[in-house]
Structures are given as C-alpha cells and as structure tokens.
Amino acid sequence: MLAMLVLGVVVSMVSLSLSGSIRAVEATLDKGDVYYRAQVAMDRISEDLASAVLPPHVDFISDGLNASDGGELSFASFAHIVFDPETDHPGMAVIRYS
C-alpha cells in the first residue's frame with residue numbers, strides 16, 4: 001500500500017513537471033513567432049525605404065513621430081509589389097505605414 005502511495009506521488013510530480021515544461025516551450029515558440037513576424041516587417045520596411053524616391057508631386061510625410069499611436073509614414077518608392085498584374089502596374093507607388 002505504501003509503495004502504491006509513493007508511486008502515485010512520483011507519477012504526479014513527473015506529470016506536473018512535464019506539463020510545466022510543455023507550457024514553457026509553447027510560450028517560447030509563440031514569442032519566437034512574434035519576433036519572426038516583426039523581423040519580416042522590418043525587413044520589408046527597410047527595402048521600401050531603400051528604394052524611396054522624392055518626385056515633385058509626392059511628399060515624404062512623417063506624422064506624429066512622438067505620438068502614442070505610432071504615427072504615420074508616407075513616401076514614394078520603387079519597391080512596389082505587384083499583387084494583381086492585370087490591374088496593377090510595376091514601378092513607383094506611394095507606400096503608407098500607419
């Protein structure tokens with residue numbers, strides 16, 4: 001009877017430690033996914049800014065730089081991605097981040 005009690009305590013301790021480890025791994029994977037998405041977004045913004053141009057009819061606008069809402073950035077760039085070749089044309093486009 002005592003052996004069954006000890007076995008039950010050991011099994012419950014092992015299962016608790018395994019469930020805690022699984023939760024920690026899941027939280028780490030979730031954070032890694034968020035960091036990966038942020039890295040992809042920053043890479044895309046960097047490519048857009050590297051291809052930025054300043055034509056006379058389009059302004060480079062940065063609004064609310066110190067605002068808590070994150071502000072807005074609008075500029076012309078040649079890094080335009082053509083999503084629909086039938087209706088969209090490659091070349092310069094106004095890109096807006098808000």
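The residue list ASP33, ASP69 contains one member that is modelled with pLDDT of 85 or more and of a type in the set (D, E, K, R), which is ASP33. Return yes when MET13 is farther than 29 Å from TYR97 by Cβ and in a helix (DSSP H, G or I) and no when it is not. When the stated conditions are applied, MET13 passes them. Among the numbered conditions (1) at pLDDT 90 or above; (2) assigned by TED's automatic domain parsing to the domain that holds SER98; (3) of a type in the set (A, V, I, L, M, F, W, C), the only one that VAL40 does not meet is (2). Residues satisfying the criterion are absent from the range 78-93 (criterion: on the phi > 0 side of the Ramachandran plot and within 23 Å of the chain's Cα centre (by Cα)).
The values are calculated or read from the model by the stated rules, or taken from the named source; none is laboratory data. All of these numbers come straight from a predicted model, not from anything done at the bench. Note: ideal-geometry Cβ built from the backbone for every residue, glycine included; neighbour counts use all protein chains shown.
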